[in-house]
């Protein structure tokens, strides 16, 4: 007798839980997307709307105007005897405003007693798509993009190649001091960049390397802890029997790495490449320090920050610029999300 | 981690058997040579870009080096360190950093747990959709994210305050108040909880189902299961993230710089330790002094890491199956 009732309550509880969890998830999702909505709509707004406190804020709008006898007049919502009418103000004074009806301009002028400033303007949705073109040009996006790509691609190559070597060394060989070295390697994860920053900066500045990108690229050619850790974990899952078979065929360790390990680690290599690419795309501190006085070499991060310093009073331009710089990483993330998120789990949890 | 290594390496597949001609000594020398060859990129990099610079930083910290007048560089003993004790900016920056950490870490960890538990819940339809969408903001570059949030938190046209006003809540001037700037930074940081969510989620998925079943038989509800099964089982992941976050507070720089254009305002409320160091080194050209700041930072981080890992046994539960 009691059993069905218990089952019913459990089912009800499950139903309730499902509704609660889903509602919460949707609320958080909306809160996460809200800033992007703000960015997108603000990026589409006109300068006039940005400085108009009466304009609605949730969508790009422009004030309705009406052209009469070659002149353009703003349209307001005017309370008249016949209800609220949308009329164009042709003559504004403090005490009275003269309107004409855009729907029926030949009917002549309508005089309304009262201050026109108290009237509400009529708006219509009007997205300024050309803002993105303007921001693109003002940012000098092609140049910033080129600089970012140079830094990111060469850095990624260096980071992946060097990390593959080091990870293979730690995954497949025994040597004295290996564990201690590995602990030091992992320890460098917590090391603050600033602890090594000043001498490194002085040396780079002193050498005066002809290519100022080098300080942003060269250090990545010497492997880093995250990449090595992730790749080593992955390499250790590849059966040693494969190595041994190749060894019997006379392959040396380098050939084993290139013929066995690398082809069997494509997802891990892809994850590491993406990580570094986005790290370089996102990196702000190093280019700020090394390239701040060379605008022609700025990557997107520094370029956008300086753009903000310059256009701080034009929020629509800032948001359009922000959108331009985030679209590629976000798009790539959606395309490569599986590889990407698996990589994070792999490098984050196993520790 | 060390255990993992030894276990793997003590495996049966050491290649001794496949190279019959070599004597063991010769083989191991061959192996060792290759091993050093492969590890050498990192070793060289570690020497060039980590070890030597750290020691050099210590050296610089005893001088008055300035890139503007390098010829006037003198050894000044521990003057830089003495100066730190009386420099009000140092005390301020430490206070700012600690204040932020105390607020940000519990909230961020709690929020990360909430997100992970949600996308792990069987009762949520479209788990992988939500997982992807919750992670997505982490991909937004820090400068763009900072500028977007600066707009969202704008007191006139920002959507955050319009929303708060609409539901009758107070709408603070987030970025210009010495009080509200910290909640603002924490809120912005929540946008980047993706990594935390994913690692916690993976930890949660690793908890054996039998434990939950056993708890159910004992009459445990969802909260009790979460508190007494999930939390202890994922404590290593929590601890790892906690460590990174504590140390991360001392590395905090980008967002504070972007939001306030590197001024440290309002009234030094975003003068994080690292921003103060940056200003000394690159704005005031006091690189000797900045080196001292950097070394103290290094020591703080090192001590924190040692203390946290040293006491980890007290609050972290490691399953006794040799996996950890």
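When residues of the range B:173-186 are filtered for being free of Cβ contacts under 8 Å to residues at least 24 places away in the same chain and in contact with a helix residue (DSSP H, G or I) (Cβ under 8 Å, 6 or more places away or on another chain), how many remain?
Qualifying residue count, the range B:173-186: 2.
Check off (1) without any contact (Cβ under 8 Å) to a residue 40 or more places away in the chain; (2) in a loop (DSSP other than H, G, I, E, B) for residue A:28 and give me the number that stays unchecked.
Only one criterion in (1) without any contact (Cβ under 8 Å) to a residue 40 or more places away in the chain; (2) in a loop (DSSP other than H, G, I, E, B) is unmet by residue A:28, namely (2).
Looking at the range B:126-133, is at least one residue within 13 Å of residue B:200 (Cβ to Cβ) and surrounded by 17 or more Cβ atoms within 10 Å (Cβ to Cβ)? Full working, then the answer.
Going residue by residue through the range B:126-133, those that are within 13 Å of residue B:200 (Cβ to Cβ) are B:131.
Now restrict to residues that are surrounded by 17 or more Cβ atoms within 10 Å (Cβ to Cβ): B:131.
Yes, the range B:126-133 contains a residue that is within 13 Å of residue B:200 (Cβ to Cβ) and surrounded by 17 or more Cβ atoms within 10 Å (Cβ to Cβ).
Taking the range A:57-80 as the search range and keeping residues that are in contact (Cβ under 8 Å) with a residue 40 or more places away in the chain, assigned to a strand (DSSP E or B) and more than 14 Å from chain B (Cβ to nearest Cβ), which one is farthest from the chain's Cα centre (by Cα)? Outline the logic, then answer.
Restricting attention to the range A:57-80, the residues satisfying the condition of being in contact (Cβ under 8 Å) with a residue 40 or more places away in the chain are A:59-64, A:74-78.
Next, only the ones that are assigned to a strand (DSSP E or B) stay: A:61-63, A:74-78.
Subset that is more than 14 Å from chain B (Cβ to nearest Cβ): A:62-63, A:74-78.
On the way: A:62: 28, A:63: 32, A:74: 38, A:75: 39, A:76: 40, A:77: 41, A:78: 44 Å.
Across the range A:57-80, the extreme among qualifying residues is A:78.
Scan B:134, B:62, B:75, B:46 and give me the residue that is touching a helix residue (DSSP H, G or I) at 6+ places or on another chain (Cβ under 6 Å) and either over 30 Å from residue B:241 (Cβ atoms) or within 14 Å of another protein chain (Cβ to nearest Cβ) (or both).
Numbers: B:62 fails: touching a helix residue (DSSP H, G or I) at 6+ places or on another chain (Cβ under 6 Å); B:75 fails: touching a helix residue (DSSP H, G or I) at 6+ places or on another chain (Cβ under 6 Å); B:46 fails: touching a helix residue (DSSP H, G or I) at 6+ places or on another chain (Cβ under 6 Å).
Going through B:134, B:62, B:75, B:46 in turn, the sole match is B:134.
Condition check: in the same structural domain as residue A:159 (by TED's automatic domain parsing) and surrounded by 20 or more Cβ atoms within 10 Å (Cβ to Cβ). Does residue A:219 satisfy that?
Numbers: in the same structural domain as residue A:159 (by TED's automatic domain parsing): yes; surrounded by 20 or more Cβ atoms within 10 Å (Cβ to Cβ): yes.
So residue A:219 passes the test.
In this structure, does residue B:92 turn out to be away from every other protein chain (no Cβ under 14 Å) and in contact (Cβ under 8 Å) with a residue 12 or more places away in the chain? Let's see the steps before the verdict.
Details: away from every other protein chain (no Cβ under 14 Å): yes; in contact (Cβ under 8 Å) with a residue 12 or more places away in the chain: yes.
For residue B:92, the condition - away from every other protein chain (no Cβ under 14 Å) and in contact (Cβ under 8 Å) with a residue 12 or more places away in the chain - is met.
Among the residues of the range A:284-302, which ones are within 9 Å of chain B (Cβ to nearest Cβ) and either modelled with pLDDT of 90 or more or part of a helix (DSSP H, G or I) (or both)? Spell out how you get there, then give the answer.
Our first condition is that a residue be within 9 Å of chain B (Cβ to nearest Cβ); within the range A:284-302, this holds for A:284-285, A:288-289, A:292, A:300-302.
Hits for the range A:284-302 are A:284, A:285, A:288, A:289, A:300, A:301, A:302.
Out of B:241, B:280, B:285, I need the residue that is at the interface with chain A (Cβ under 9 Å from one of its Cβ atoms) and either within 21 Å of residue B:87 (Cβ to Cβ) or crowded, with 20+ Cβ neighbours inside 10 Å (or both). Which one? Spell out the reasoning first.
Values: B:280 fails: at the interface with chain A (Cβ under 9 Å from one of its Cβ atoms); B:285 fails: at the interface with chain A (Cβ under 9 Å from one of its Cβ atoms).
When all the criteria are applied, what remains is B:241.
So, of the residues in the range B:120-131 that are within 26 Å of the chain's Cα centre (by Cα) and at the interface with chain A (Cβ under 8 Å from one of its Cβ atoms), which turns out to be nearest to residue B:204 (Cα to Cα)?
In the first step, residues of the range B:120-131 are kept if they are within 26 Å of the chain's Cα centre (by Cα); the result is B:120, B:128, B:130-131.
With at the interface with chain A (Cβ under 8 Å from one of its Cβ atoms) added as a condition, the list becomes B:130-131.
On the way: B:130: 16, B:131: 14 Å.
Residue satisfying both the conditions and the ranking: B:131.
Any idea which of B:147, B:162 is closer than 21 Å to residue A:306 by Cβ, at the interface with another protein chain (Cβ under 7 Å from one of its Cβ atoms) and in a helix (DSSP H, G or I)?
On the way: B:162 fails: closer than 21 Å to residue A:306 by Cβ.
None of the other options fit; the residue is B:147.
Quick grid of which residues meet (1) closer than 22 Å to residue B:44 by Cβ; (2) part of a helix (DSSP H, G or I):
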{"residue": "A:228", "(1), (2)": "yes, yes"}
{"residue": "A:231", "(1), (2)": "yes, yes"}
{"residue": "A:238", "(1), (2)": "no, no"}
{"residue": "A:241", "(1), (2)": "no, yes"}
{"residue": "A:244", "(1), (2)": "no, yes"}
{"residue": "A:260", "(1), (2)": "no, yes"}
{"residue": "A:264", "(1), (2)": "no, yes"}
{"residue": "A:270", "(1), (2)": "no, yes"}
{"residue": "A:276", "(1), (2)": "yes, yes"}
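Within the bounds of the range A:7-23, is there any residue that is away from chain B (no Cβ under 13 Å), over 46 Å from the mean Cα position of the chain (by Cα) and either under 30 Å from residue A:312 (Cβ atoms) or modelled with pLDDT under 80 (or both)?
yes
Here's a check for you: in the range A:208-239, which residue that is without any contact (Cβ under 8 Å) to a residue 24 or more places away in the chain and at the interface with chain B (Cβ under 9 Å from one of its Cβ atoms) is nearest to residue A:151 (Cα to Cα)? Walk me through it before giving the result.
Step one: filter the range A:208-239 for residues without any contact (Cβ under 8 Å) to a residue 24 or more places away in the chain, giving A:208-211, A:214, A:219, A:237, A:239.
Going one step further and asking which of them are at the interface with chain B (Cβ under 9 Å from one of its Cβ atoms), we end up with A:219, A:239.
Numbers: A:219: 12, A:239: 36 Å.
Looking at the filtered set, the residue picked out is A:219.
For the range A:330-340, how many residues meet the condition of being out of contact with any helix residue (DSSP H, G or I) (no Cβ under 6 Å at 6 or more places or on another chain) and at the interface with chain B (Cβ under 9 Å from one of its Cβ atoms)?
The total comes to 2.
Sort out for me the helices (runs of 4 or more DSSP H) sitting completely within the range B:165-228 that have 1 or more residues that are surrounded by fewer than 13 Cβ atoms within 10 Å (Cβ to Cβ).
Numbers: elements: B:181-190, B:194-205, B:209-217, B:222-225.
Answer list for the range B:165-228: B:194-205, B:209-217, B:222-225.
When both residues are 6+ apart or on different chains and their Cβ atoms are under 7 Å apart, which pairs have a first residue that lies in the range B:16-33 and is within 18 Å of residue A:257 (Cα to Cα), and a second that is exposed (fewer than 12 other Cβ atoms within 10 Å of the Cβ) and modelled with pLDDT of 50 or more?
Qualifying pairs under 7 Å: B:18/A:248.
Residues A:180, A:205: which one is farther than 17 Å from residue B:54 by Cβ, out of contact with any strand residue (DSSP E or B) (no Cβ under 8 Å at 6 or more places or on another chain), part of a helix (DSSP H, G or I) and within 9 Å of chain B (Cβ to nearest Cβ)?
Values: A:180 fails: within 9 Å of chain B (Cβ to nearest Cβ).
One residue alone meets the criteria, A:205.
Going residue by residue through the range A:306-329, is there one that turns out to be in a loop (DSSP other than H, G, I, E, B), more than 16 Å from the chain's Cα centre (by Cα), within 8 Å of chain B (Cβ to nearest Cβ) and in contact (Cβ under 8 Å) with a residue 60 or more places away in the chain?
no
I'm checking my understanding of the structure. Among residues of the range B:12-43 that are more than 7 Å from chain A (Cβ to nearest Cβ) and assigned to a loop (DSSP other than H, G, I, E, B), which one is modelled with the highest pLDDT?
B:23
Return only the number of the condition from (1) more than 8 Å from every other protein chain (Cβ to nearest Cβ); (2) under 26 Å from residue A:186 (Cα atoms) that residue A:253 does not satisfy.
(1)
Scan the range A:249-264 for residues that are touching a residue at least 60 places away in the same chain (Cβ under 8 Å) and surrounded by fewer than 21 Cβ atoms within 10 Å (Cβ to Cβ) and report the count.
Number of matching residues: 1.
The values are calculated or read from the model by the stated rules, or taken from the named source; none is laboratory data. Quantities reported herein were computed from a predicted structural model and do not represent experimental measurements. Cβ sites come from the backbone with ideal geometry, for glycine too, and all protein chains shown count toward neighbours.
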